[in-house]
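Here the structure comes first, spelled out in structure tokens, and everything after it is commentary.
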Amino acid sequence: MQLYEQTIFSLQQMLKQRQVSSVEITKAMLNRIEATDSAINAFITVTPEQALKDAKAADQMIASGQAATLTGIPVALKDIFLTDGIRTTCASRMLDNFIAPYDATAWGRMKVQGAVLLGKLNQDEFAMGSSCENSAFGLTRNPWNQDHIPGGSSGGSAAAIAAQQAVATLGTDTGGSIRQPASHCGCVGLKPTYGRVSRYGVISYASSLDQVGPMTRDVTDAALLLGAIAGYDPKDSTSVDCPVPDYHSALKNDLKGMKIGLPKEYFIDGLDPDVQKAMDQAIATCRSLGAEFVEISLPHTNYAVATYYLIATAEASSNLARYEGVRFGHRSETSSGLIDMMMQSRAEGFGAEVKRRIMLGTYALSSGYYDAYYLKAQKVRTLIQRDFIEAFKSVDILLTPVAPTPAFRIGEKTSDPLQMYLSDIFTIPVNLAGICGISVPAGFSKDGLPIGLQLLGRPFGEESILRAAYSFEQATEWHTKKAAL
Amino acid sequence: MSITRQEIEHIAKLSRLALSNDEKVLFTSQMEAILKYVETLKELDTDAITPTSHAVPMENAFRPDSVTPSIGHERALLNAPDKNETYFRVPPVIE
């Protein structure tokens with residue numbers, strides 16, 4: 001097995017036993033990026049000098065007996081995370097030359113442990129998209145089939161795992177942006193409960209929905225990485241002050257006594273036959289491991305996409321008001337006066353999807369439409385949240401597909417925003433309700449594209465979904481398959 | 001739900017976006033389609049429902065009002081498109 005194919009867990013052991021140094025692992029990853037990224041374009045910025053410097057420091061930490069979970073492990077971050085002294089673009093021309101003045105808390109916690117930063121990953125601009133095609137720095141290709149999208153918005157974070165360019169990555173998930181690309185690229189992606197991980201230093205899209213989470217090769221690594229980043233942060237007043245359990249010790253290989261709900265609204269006629277087949281097999285596997293299945297109903301599922309595109313765009317229109325060309329970001333050269341400078345700077349700095357969402361959000365919040373759109377959506381959000389509360393009265397977790405189809409072709413949905421939005425139908429309700437969810441590899445389509453399984457848990461029920469995901473993973477071999485590159 | 005060009009121009013102004021003519025045409029039809037889709041929410045009777053603005057119920061998050069170090073002028077101005085000593089410089093506000 002090549003060094004670049006290893007997991008956090010296996011590298012931890014190898015580093016501890018001095019079988020390998022962090023510098024060696026880091027060089028292997030940097031060579032792999034060099035060899036594969038002209039085809040995949042998972043990275044916006046690669047930071048080789050910094051990585052080798054970090055790796056040397058990590059080796060010293062290990063030598064002096066100070067190793068922590070992530071010491072010496074090469075990782076990469078979605079370019080939405082602020083990284084002190086390193087360019088942070090959010091895949092936008094607006095932030096082309098932006099050098100972050102401080103670290104995001106999630107990254108800061110990894111850095112303190114001695115994690116090695118390989119670079120910053122591609123995404124949809126400002127996390128707005130489901131395909132990684134809305135990047136000012138070119139699209140990212142799916143390592144399993146380069147004519148297909150890797151998913152989005154954390155497409156680079158998923159593709160980098162599938163292309164074995166990083167051991168683990170961080171993504172963010174506002175409507176499925178961790179789980180959907182994880183599903184499309186055959187890796188594990190965990191969206192924690194809202195408030196579990198600090199959002200400080202994460203460039204805001206829709207603040208009541210955004211959440212940070214790990215993207216990894218397997219469930220064990222997701223548990224390890226979540227443990228490293230989770231917990232209350234006084235700098236994020238929406239992070240929740242409740243103890244962080246030992247997620248690694250929650251990984252029991254057993255589903256006995258676990259009651260799993262199957263929401264009937266998620267198993268619809270329009271589901272791709274390959275996805276349906278993977279779900280049927282997964283249900284059979286979980287049943288053989290001792291799980292009991294119950295059909296349940298989430299009656300407001302069909303209203304989730306509409307609700308999301310009003311709430312998320314409204315919050316985005318407000319969050320993105322900060323890009324005015326005064327304090328940071330792009331400033332137009334061709335303007336006359338202050339207001340015109342702002343309007344031109346934003347016109348030149350933002351891509352089409354970002355403009356569209358700002359427009360939609362501004363409309364939903366504007367005088368005369370606020371009650372009909374924004375307030376209405378907030379009320380429907382209550383109904384969607386109640387659906388989940390009701391469901392979790394009778395089951396421990398839920399099992400659903402992550403997406404209705406495997407990764408679609410590049411260009412297939414770019415001209416029709418609404419079709420693009422509808423590809424997130426199974427992931428969006430989770431963000432509206434604020435609960436946790438994980439995507440685990442569960443099969444392949446006839447054409448060889450990965451298909452993910454989604455497990456959903458109660459608020460702060462990460463241990464339950466990790467245990468179920470781990471048991472499923474141990475009983476199957478999907479996570480061991482590798483994209484040929 | 002139909003949107004007029006005047007409405008698109010009004011929203012663009014509120015959004016502080018200088019849109020090209022092509023963008024105005026494109027966004028008019030795309031926003032019409034999206035707004036038509038979100039009309040489905042009207043099927044639901046929500047008169048007695050409280051709106052949810054935040055997934056996790058929370059009280060205000062208070063902290064002690066203590067003096068702590070801040071980012072400082074140099075770092076705060078690091079990414080400024082234009083600056084003058086310790087100030088951000090902008091085009092004239094009043095002509």
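Only one residue of A:GLN344, A:ALA306, A:ALA321 has its Cα farthest out toward the positive end of the dipole of region A:302-378, where Lys and Arg carry +1 and Asp and Glu -1 on Cβ, and that residue is A:ALA306.
For region B:28-41, backbone phi angles converted through the Karplus equation (6.51, -1.76, 1.60; θ = phi - 60°) give residue-by-residue couplings of 4, 6, 5, 5, 4, 5, 5, 5, 5, 5, 6, 4, 4, 4 Hz, Gly and Pro being listed as x. Determine which lysines satisfy two conditions relative to A:LYS27: a Cα distance under 21 Å, and not lying fewer than 8 residues away in the same chain. Result set, ordered by chain and number: A:LYS16, A:LYS53, A:LYS56, A:LYS78, A:LYS111, A:LYS120, A:LYS482. Applying 1/(1 + (r/R0)^6) with r as the Cβ-Cβ distance of A:VAL20 and B:ASP22 and R0 = 41 angstrom yields a FRET efficiency of 0.15. Entry note, chain A: the mean residue ellipticity at 222 nm calculated from DSSP H runs of n ≥ 4, each adding -39500 (n - 2.57), is -11500 deg cm²/dmol after division by the residues and rounding to the nearest 500.
According to the square roots a ≥ b ≥ c of the eigenvalues of the Cα gyration tensor, what is the shape class of region A:80-222, taking rounded for a/c under 1.5, prolate for a/b larger than b/c otherwise, and oblate for the remainder? If you can, show how the numbers build up before the last one.
Details: a/c = 1.35, a/b = 1.15, b/c = 1.18.
The shape class here is rounded.
Stretched out straight at 0.36 nm per residue, the stretch from B:ASP45 to B:ALA76 would grow longer than its current Cα-Cα span by 6.3 nm.
Taking 0.36 nm per residue of separation and subtracting the current Cα-Cα distance, fully stretching the chain between A:GLN13 and A:PHE293 would add 97.1 nm. Charge dipole (Cα centre; +1 on Lys/Arg Cβ, -1 on Asp/Glu Cβ; no other charges) of chain A amounts to roughly 460 debye.
In chain B, inverting the average of 1/r over every pair of distinct C-alpha atoms gives 19.5 Å as the Kirkwood radius. When only Cα pairs below 8 angstrom with a gap of at least 6 residues are kept, region A:302-378 shows a relative contact order of 43 percent. In terms of surrounding Cβ atoms within a 10 Å radius of their Cβ, A:ARG93, A:ARG196 rank from fewest to most as A:ARG93, A:ARG196. Of the residues A:CYS185, A:ALA106, A:GLY129, the one whose Cα sits farthest toward the positive end of the charge dipole of region A:3-252, with +1 on the Cβ of Lys and Arg and -1 on the Cβ of Asp and Glu, is A:ALA106. Charge dipole of region A:302-378 (Cα centre as origin; +1 on each Lys and Arg Cβ, -1 on each Asp and Glu Cβ, all else neutral): 120 debye, rounded to the nearest 20. Residues in region A:33-43 carry Karplus couplings, in order, of 4, 4, 6, 10, 7, 5, 7, 8, 6, 7, 9 Hz; the curve used is 6.51 cos²θ - 1.76 cosθ + 1.60 with θ = phi - 60°, and Gly or Pro positions show x. Put simply, the C-alpha atoms of region A:121-184 give a gyration tensor, and the ellipsoid matching it has half-axes of 15, 13, 10 Å, longest first. Distance between the modelled labels on A:ALA352 and B:TYR87, one decimal in nanometres: 4.2 nm (7 Å Cα→Cβ projection). Using the Cα centre of the protein assembly as shown as origin and beta-carbon charges of +1 (Lys, Arg) and -1 (Asp, Glu), tell me which of A:ALA51, A:ALA364, A:ILE283 is placed farthest towards the positive end of the dipole. My answer, from the dipole projection, is A:ALA51.
Give, rounded to the nearest 20 debye, the magnitude of the charge dipole that chain B has about its Cα centre when Lys and Arg contribute +1 at Cβ and Asp and Glu contribute -1 at Cβ.
The dipole magnitude comes to about 300 debye.
Of the two radii for the protein assembly as shown, the radius of gyration is 0.96 times the Kirkwood radius, both from the alpha carbons; that is the Rg over Rh value. Debye-formula intensities of region A:3-252, expressed as log10 I(q)/I(0) at q = 0.11, 0.12 Å⁻¹, are -0.49, -0.59 (one equal scatterer per alpha-carbon, no solvent). Across chain A, Cα pairs under 8 Å and at least six residues apart give a relative contact order of 18 percent. How much of the calculated P(r) for region A:268-388 lies past 21 Å, in percent of all Cα pairs? For region A:268-388, the share of Cα pairs beyond 21 Å comes to 61 percent.
Since every read-out is calculated from the coordinates, none of them should be taken as a lab result. Predicted model, so just to flag it, every value in this text is computed and none were measured. We place every Cβ from the backbone using ideal geometry, glycine too, and count neighbours over all the protein chains shown.
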